[in-house]
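Structure record follows, encoded as structure tokens.
The values are calculated or read from the model by the stated rules, or taken from the named source; none is laboratory data. As the structure is a prediction and not an experimental result, all values here were calculated from the model. In this analysis, Cβ positions are derived from the backbone assuming ideal geometry, glycine residues included, and neighbour counts consider all displayed protein chains. When the accessible area is computed, the model is the full protein with side chains, heavy atoms only, and any ligands, DNA or RNA have been set aside. Shrake-Rupley method; radii C 1.70, N 1.55, O 1.52, S 1.80 Å.
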Protein chains: 2
Amino acid sequence: MSYEEVLKIAARRGIFFKSSELYPNSPAGFWEYGPYGVRIKENFVNFLRKKLKEVDAIEIDGACIMPKEVFEASSHLKNFVDPIVECKQCKQVYRIDKLIEEKTGKPVPERLKKEEFEKLIKREKIRCPKCKGQFSEVKFFNLMFRVDVGVKGQECYLRPETCQAIFLDFKRVFKVMRRKLPCVVLQVGKSFRNEISPRQSLLRMREFYQAEVEVFFNPKTKKFPPIEKFKSFKLRFWEDGKVREISVEKALKNKEVSNELIAFFLAFIQNFYEELGFPREKLRLRKLKENEKAFYAKEAWDLEVLTSLGWVELVACNNRGDYDLKVHSKHSGEDLEVMDGEEKVLPHVFELSIGIDRSILSLLDLSFKVDKSRKLLSLKPIMAPVKLCVFPLVAKDGLPEKAKEVCSLLEDFDYVYEEKDSIGRRYYRYDEIGVPFAITIDHQSLEDDTVTLRDRDSTEQIRVKIKELPQILKKLLSCEVSFEELKGKLEK
Amino acid sequence: MSYEEVLKIAARRGIFFKSSELYPNSPAGFWEYGPYGVRIKENFVNFLRKKLKEVDAIEIDGACIMPKEVFEASSHLKNFVDPIVECKQCKQVYRIDKLIEEKTGKPVPERLKKEEFEKLIKREKIRCPKCKGQFSEVKFFNLMFRVDVGVKGQECYLRPETCQAIFLDFKRVFKVMRRKLPCVVLQVGKSFRNEISPRQSLLRMREFYQAEVEVFFNPKTKKFPPIEKFKSFKLRFWEDGKVREISVEKALKNKEVSNELIAFFLAFIQNFYEELGFPREKLRLRKLKENEKAFYAKEAWDLEVLTSLGWVELVACNNRGDYDLKVHSKHSGEDLEVMDGEEKVLPHVFELSIGIDRSILSLLDLSFKVDKSRKLLSLKPIMAPVKLCVFPLVAKDGLPEKAKEVCSLLEDFDYVYEEKDSIGRRYYRYDEIGVPFAITIDHQSLEDDTVTLRDRDSTEQIRVKIKELPQILKKLLSCEVSFEELKGKLEK
């Protein structure tokens, strides 16, 4: 049930809401981040950037509109399609693979042909779910949005993924940034897909944020020294309906992952989500079967999380081989090989394709809690849209003035100040937004220069000296110390 | 000449470069930020966010694709057009207003009719600049990119400016964020315009970054207390071909600016660019004449900067009145009034429409310097893509090890480490990228735990104790102390 609750909080508190909502005819699949949503998204992206510093990643930011040549080469023009049917009677359009899956309860293999779909429709006796009408023939609908550029209308498309620019720009940035292989390149930005049936708010949108990490490597290289850090890290592999935890070291020894570099990035991304506050026990890495993989993928894993909407794919981890550089090299006529020491090599690519919006939705879903009469988002400080509240207990008796003094000590912190409404209402309001700590200035503060510090999750409070606040808050917000530990210390 | 030099450095160092450049047929007007460009852009946006905290701004992040209803209401569908002609002979298409301006040396008024243009073409005897051919009739070309959404192809457009979402979302975010008027809302993101002739790289692109600040206010309100800060700030008004500096206080007294709120934001934005490192003497605020203003604008100013490409418009400052909320209210049927105290009011809007890419290009242009044999970007620390270099003088004798020790003290700083090439080449390389300070570890460092600290602009060096580095660098990078002052202090 938390998905519906999250939607309510998101609307009530302006985390996210439907785009162009004033106009009832606005198409589905477009959403806006409100003020708190923007901050949560920024937190996510900045934490990813910070973690990627460990592997010396570089970042680019390219155009969303790209010419048809790019997608001819990548084969999106031909292959980035969904099979659809139209009801002859009510004219409703459906993804036929989804209808077949619903009827049979079994997954439909990727890349079936038109005739194969039509055979299945006949065999399974599939009709329009709305009016029981019969379907037109199966068509393949390309999910890219076409955009005509210039007065003469040059055929271009909105990128359906951010990674193509990384492949196109790779050789330039590799050179100008004086890199060696392996070389990690990130791009964060919007991608666009004309989904047949967008659904579940941030989960399947037509315009969405991706962070794609492309790791360019020499396929001959077996070693990847940063792996040391993760040797004993436990990967959560999904197999035969359950999770099996296995150390990176062992997974490599068993050849369950094909090399150290790929093992590193699988551990990296699982660990990243754990550090963001995703409960470890709800994460899994699922190795894709042959008929599930993209056609260019040599090895593919999905990092998934169990939410109230079921398992959600957060990250597609693909060993794309040399597919991308090869096709762009062929289509453009440019040599995209680079030097790796003395060797000229066309790098292979391991990709982490991260869905930002669905990560945020999943985290909100998992962070939502009900505690008696209050609802809260139990976000880690790093993901909280605001880190602190400062409240005078009442808006009189000199308490607001004292509170302003406290604020002046908090210039380096991200806080909100509010004096309206009862203190209880204020606590509850910011619990819903996920603010981890609240500082309250009361009458005692005027006497002994102390304030109360309240923990969102436990609602427990401790008294601390105003002058010690910055130091204490720094430790709490960086999770160097927990509220409980702090409480223990202060009570000693 | 610095524009061409900036283009060269931008390509050589990966600051920005042409999009999809592998494919020669790629359309003009699309550019990519490379790794250093991404950081410069982030610096710009983050500094803007920081400064806007002073007025308690909130930020939203909405969809780029919006339905036709939005642009019917805003009148973009009807009015967001450029007048074009096609050469009957060579089929080249031109913006006819630009051709007339080139021929006559005089600005063509906005919103001329088809017949008026055709009269001017005849009178000024304007022919195709390429082949001297005659022109077809004048047409009006809409600059929005159309995008068809869904299987049935609902008519939508890529937003030509970011602000429409702010108007549409205003009432919701105003309420959920419990705001009062005036209320400042920011959006940063891509906008898209199908320019007839994109040119000068980041100056006129078809896909570009905007930061739009919409200030919603009650038109009856005369006072805006934050103005105190800027009372004696000198606005640089452009008039009759020269700049006249006038204090905010005086400009208000003379009624040269219509109210305190508008005066505040004019000062705010001029000051913002000064703090970013734009030379004050190259900035001007130009009040637009009646025939230059957008049709909805009650009062309009352009903040412009003098670069090697001439005067560049950085920010359009528009008093949009209640135009936007009124049209969206009318077209959607929703009441967009909000409460201001006891009064129900349809807010007016003052807008700062900031061109991010052109701001960056202008700053690079103005920061480019030649000093004997070296070229440098004299960026302020706040805008520098990297803040520090750490160089061992040579890659032997234990200097790299010592340098790593230094690095371990610099964890909170943004630095690059490099040991290849002569020290001179390394200095020059990062001078071009605009890195303000370089730390060099030499043989003396091994003896006395000191390093040299080099200033990019003067190339002067001072010796500082390693353990004092963090504290010294913090002051230098925040501009709390200048390198010269520091040198003076240390030499005492």
Take the solvent-accessible surface of the protein heavy atoms, probe 1.4 Å, and return the percent of it on the protein assembly as shown that carbon and sulfur atoms account for. 49 percent
Shape call for segment A:230-361 from the C-alpha gyration tensor, a ≥ b ≥ c root eigenvalues: rounded (a/c under 1.5), prolate (a/b greater than b/c) or oblate? prolate
The long-range amide H neighbours of B:Tyr157, using H built 1.01 Å from N in the peptide plane and a cut-off of under 5 Å, are B:Met66, B:Lys68, B:Val147
Charges on Cβ only, +1 for Lys and Arg, -1 for Asp and Glu, centred on the Cα centroid of chain A; of A:Leu399, A:Phe237, A:Val93, which one is farthest towards the dipole's positive end? A:Val93
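Looking only at other chains, what is the average number of their beta-carbon atoms within 10 angstrom of each beta-carbon in B:195-205? Mind showing how you got there, number by number?
Details: counts 3, 2, 2, 2, 0, 0, 0, 0, 0, 0, 1.
Average neighbour count from other chains, rounded to a whole number: 1.
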What's the whole-number percent of alpha carbon pairs in chain A lying beyond 32 angstrom? 51 percent
Cβ under 9 Å from B:Thr459's Cβ, B:Thr459 left aside: what net charge do those residues give with Lys, Arg +1 and Asp, Glu -1? -2
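Please compute, over every Cα-Cα pair in segment A:286-354, the percentage with a separation greater than 21 angstrom.
The answer is 41 percent, as a whole percent.
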If you take each beta carbon of peptide B:172-181 and count the beta carbons of other chains within 10 angstrom, what is the mean? 4
At a probe size of 1.4 Å, how large is the accessible area of A:Thr104, to the nearest 10 Å²? 40 Å²
Short version: ³J(HN,Hα) in whole Hz for each residue of segment A:87-92, in order, from phi by Karplus 6.51 cos²θ - 1.76 cosθ + 1.60 (θ = phi - 60°), x for Gly and Pro, what are they? 6, 5, 8, 9, 6, 5
What average count of beta carbons from other chains do you get within 10 Å of the Cβ of residues in A:67-74? 3
Lysines with Cα under 16 Å of B:Lys475, excluding same-chain neighbours fewer than 8 positions away: B:Lys380, B:Lys387, B:Lys465, B:Lys467, B:Lys487, B:Lys489
Relative contact order of segment B:386-491, please, whole-number percent, based on alpha carbon pairs below 8 angstrom and at least 6 residues apart. 26 percent
Given the options B:His348, A:Thr307, B:Cys128, identify the residue whose Cα lies farthest towards the positive end of the charge dipole of the protein assembly as shown (+1 on Cβ of Lys, Arg; -1 on Cβ of Asp, Glu). B:Cys128
B:Lys152 neighbourhood, Cβ < 11 Å, K/R = +1, D/E = -1, net charge -2
In what sequence, highest mean first, do B:232-241, B:347-356 appear when ranked by Cβ atoms within 10 angstrom? B:347-356, B:232-241
Residue among B:Leu288, A:Asn43, B:Tyr157 farthest towards the positive dipole end of the protein assembly as shown, charges placed on Cβ: B:Tyr157
Interface burial for B against A (accessible surface, 1.4 Å probe, total of both chains, Å², rounded to 100): 6400 Å²
Taking a probe of 1.4 Å, how large is the accessible area per residue of chain A, in Å²? 43 Å²
Taking placed amide H atoms and a strict 5 Å upper bound, the residues 5 or more places from B:Met144 or on another chain that come that close are B:Asn194
For segment B:386-491, diffusion coefficient by Stokes-Einstein and Kirkwood Rh (Cα), 4 °C, 1.567 mPa s, µm²/s: 95 µm²/s
Free-by-geometry Cys in chain B, Cβ-Cβ under 4.7 Å as pairing rule, reported as B:Cys64, B:Cys156, B:Cys163, B:Cys183, B:Cys317, B:Cys389, B:Cys407, B:Cys479
Pairs of alpha-carbon atoms within less than 8 angstrom and 6+ residues apart define the contacts here; what relative contact order does chain A have, in percent? 13 percent
